[in-house]
Amino acid sequence: MKKLIIAPDSYKGSLTAKEICDIIGDVAQVNFPELEIIKLPIADGGEGLVDALLFAEIGEKVFVRVKDPLWRDIEASYGILANGTAVIEMAAASGLPLLKNSERNVLEATTYGTGQLIKDALERGCREFILGLGGSATNDGGAGAAGALGIQYIGRDQKVIYSGKDLRSLVRIDDSGIFEKINHAQFTIACDVTNPLYGSNGAASVYGPQKGASLQDVIQLDEGLRNLAEVVMRQTGVDLQTIPGTGAAGGMVVPFLIFTNARVRRGLDVVLDTINFDRHLQGCDLVITGEGRTDYQSSMGKAISGIGLRAMAEGIPVIAISGALQSGYEGLYESGISAFFSTCREILSLDTAMANAAENLRNTAGDVFRLIKLGLS
């Protein structure tokens, strides 16, 4: 074996994708001292997107004072790659992890801070954007982000709307004050969700409860998003409900689809293409990937399946080392994964498993490489 690619997603809550790369890489080097090792931390468009792309590409992290989902001042960050592309995780300014469970209030939550990050990048000269939508705390139809960029959602009382609770009163969207630099920008929106904007499978109904919405809140938010779609149809002729993914992140994509040069792509494809994953596959003998938990959902467009499919197309075997294997993971054999290993070797509580994640991963990786050496001997 001459060349190995290590391309895991994070073990959320315990190990970052970079930490996983380093642990597996160290074990691989001990067993194969002459091995060329390519470390490619992966994210699927949500948490870890900025760090994954900055690791693979030369760039810098920028820190900005912005508003969090509840209008509090925080410091959030985004990345600027060497080619000038800004990489922004919506969760950095408008994410659920910024709030305690008791603070989740999707009626009041706003994406304004994400708009501030975008504006800051525009002011620094960025014209190409990758915007990851995972982990939002919001359901404002993009009203907050739009407002930060000079696109105003106007209610019946002529007040500007910034959160989901007031979308039912929306009467028009005014883009006359749009931040001019955005007209020259291209947005690639990394999104793995195909939900429509409203309805039983829409943003509020499916994702509202995990953001703190009660049944009554869900009804109010869904009515607001339906009204937003009607206003957009009346003003622009665009039927948002027919566009897959408009329900992502509480309708965050809406103002970008209508008022900017934007396209929506599967998050993992954005990441793999940006880091030139297919080029790295050339001459590769083995790919090792993994994630915190591998189950039937992992085949639905998540990192591990996408990596497997690309490697399979080149005839390269893939081993997955995950924190846990649960029912349905076997379906990923068809996505190019050759073998699966779990780092949990005994019955453990989740807290214990996470606390010992690094040691467990190192031990499992050691077994994997000893097995590979045996097969090559």
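No lab work stands behind these numbers, since they all come straight from the coordinates. The structure presented is a predicted model; accordingly, all values stated were derived computationally and were not measured. Note that each Cβ is placed from the backbone with ideal geometry, even for glycine, and that neighbours are counted across all protein chains shown.
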Using the alpha-carbon centroid of each, what span in Å lies between region 314-374 and region 1-80? 19
What shape does region 49-268 take by its C-alpha gyration tensor, where a ≥ b ≥ c are the square roots of the eigenvalues and a/c under 1.5 counts as rounded, a/b above b/c as prolate, and the rest as oblate? prolate
Give me log10 I(q)/I(0) at q = 0.12 Å⁻¹ for the chain, Debye formula, one equal scatterer per alpha-carbon, no solvent. -0.90
Label-point separation (nm) for Q210 and E57, each offset 7 Å from Cα along Cα-to-Cβ? 2.7
Loop-only check: which GluC sites (Glu not before Pro) in region 1-64 are DSSP coil with at most 12 other Cβ within 10 angstrom? E34
Once amide H atoms are built 1.01 Å from N in the peptide plane, which residues 5 or more positions from I38, or in another chain, come under 5 Å H to H? L4, I5, I6
Mind checking region 246-354 for GluC sites (Glu not before Pro) that DSSP puts in a loop (not H, G, I, E or B) and that have at most 15 other Cβ atoms within 10 Å? E314, E346
Calculate, in nm to one decimal, what S169 and V238 gain on full extension: separation in residues at 0.36 nm each, minus their alpha carbon distance. 22.9 nm
Pseudo-spin-label distance N201 to F179, built 7 Å along Cα→Cβ, given in nm, is 3.4
Virtual spin-label span in nm between K100 and D157, 7 Å along Cα→Cβ: 2.9
Looking only at region 11-25, which residues have a backbone nitrogen under 20 Å from a spot 7 Å from the Cα of E314 in the C-beta direction? 18, 21-22, 24-25
